[in-house]
Amino acid sequence: MKVPLTLLPGLLCDWALWEPQAAALADIAEISVADLTRDESLSLMAARVLAEAPDRFALAGLSMGGYLAQEIMRQAPERVMRLALLDTSARADTPERLAARRGLIELARKGEFKGITPRLLPQWLHADHLADAVLTRTIMEMTQRVGRDAYLRQMRAIMGRPDGRDDLRRIRVPTLVLCGREDQSTPLALHEEIASLIPGAMLTIIERCGHLSTLERPQPVNVALRAWLGG
């Protein structure tokens, strides 16, 4: 019997972020990728995901999707069978990060939305992958599909998130914490912290990989997720 698996994309991301996993895990998981473009708070996003998900399901989120996965664990922990947190953080934004986000919001409001992704690519990808034309095109097309208005809603949701470190101690389901070793957006130390706070969590580090691990190094990510789902 296949495991119901809900996948949560990151900021400016959609189903394409998880396409390699949807293909590789289809034999063991009934997969759905949430649409996180419609709400401007994590609380509202979580309520929508829970309304559309099965009674019990496995849950994996990357970056903003990881923030949302933690919110879902706060709202309805009894419904989640397994949890995977990829390239994310349990901390609220620092004042410096909030200021940087406000700058990006201002750019988008001024009509410079298309200019945001080229600025973000060096933060999102390992240096080895910046010249991968197929990968960068996939990301650029994904961000354009999400679009400016959804981006602004997602940024407001991210900026309003709480510090969730104390909540991690209450998680009681098998949990995978996964991170690209060279993730600049949410560095490895943040994942070591998450894994240390969730009882029994397994930490997996993906080598030669930045923030978008599911697209950059799909094969080792798929191996880790398959072990987590079947563990």
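The values are calculated or read from the model by the stated rules, or taken from the named source; none is laboratory data. None of these values were measured; they are calculated from a predicted model. Ideal geometry is used to build each Cβ from the backbone, glycine not excepted, and the neighbour counts take in all protein chains shown.
Annotations
- Some residue of segment 105-116 being surrounded by 15 or more Cβ atoms within 10 Å (Cβ to Cβ) and charged (D, E, K, R): no
- Within segment 76-132, considering residues that are in a helix (DSSP H, G or I) and acidic (Asp, Glu), the one farthest from SER43 (Cα to Cα): ASP128
- You will find that of ASP166, ASP149, the residue that is at pLDDT below 95, loosely packed, with under 14 Cβ neighbours inside 10 Å, assigned to a helix (DSSP H, G or I) and among the charged types (D, E, K, R) is ASP149 and no other.
- Qualifying residue in segment 211-218 (condition: of a type in the set (Gly, Ala, Ser), in a helix (DSSP H, G or I) and under 30 Å from MET1 (Cβ atoms)): yes
- Odd one out for THR186, checked against (1) in contact with a helix residue (DSSP H, G or I) (Cβ under 6 Å, 6 or more places away or on another chain); (2) within 21 Å of LEU104 (Cβ to Cβ); (3) assigned to a loop (DSSP other than H, G, I, E, B): (1)
- In segment 1-50, the qualifying residues are those that are part of a loop (DSSP other than H, G, I, E, B) and of a type in the set (D, E, K, R), and the one that is surrounded by the fewest Cβ atoms within 10 Å (Cβ to Cβ) is ASP27.
- Scanning segment 35-55 for residues that are under 24 Å from GLN123 (Cα atoms), touching a residue at least 24 places away in the same chain (Cβ under 8 Å) and of a type outside the set (Ser, Thr, Tyr) gives LEU36, GLU40, LEU42.
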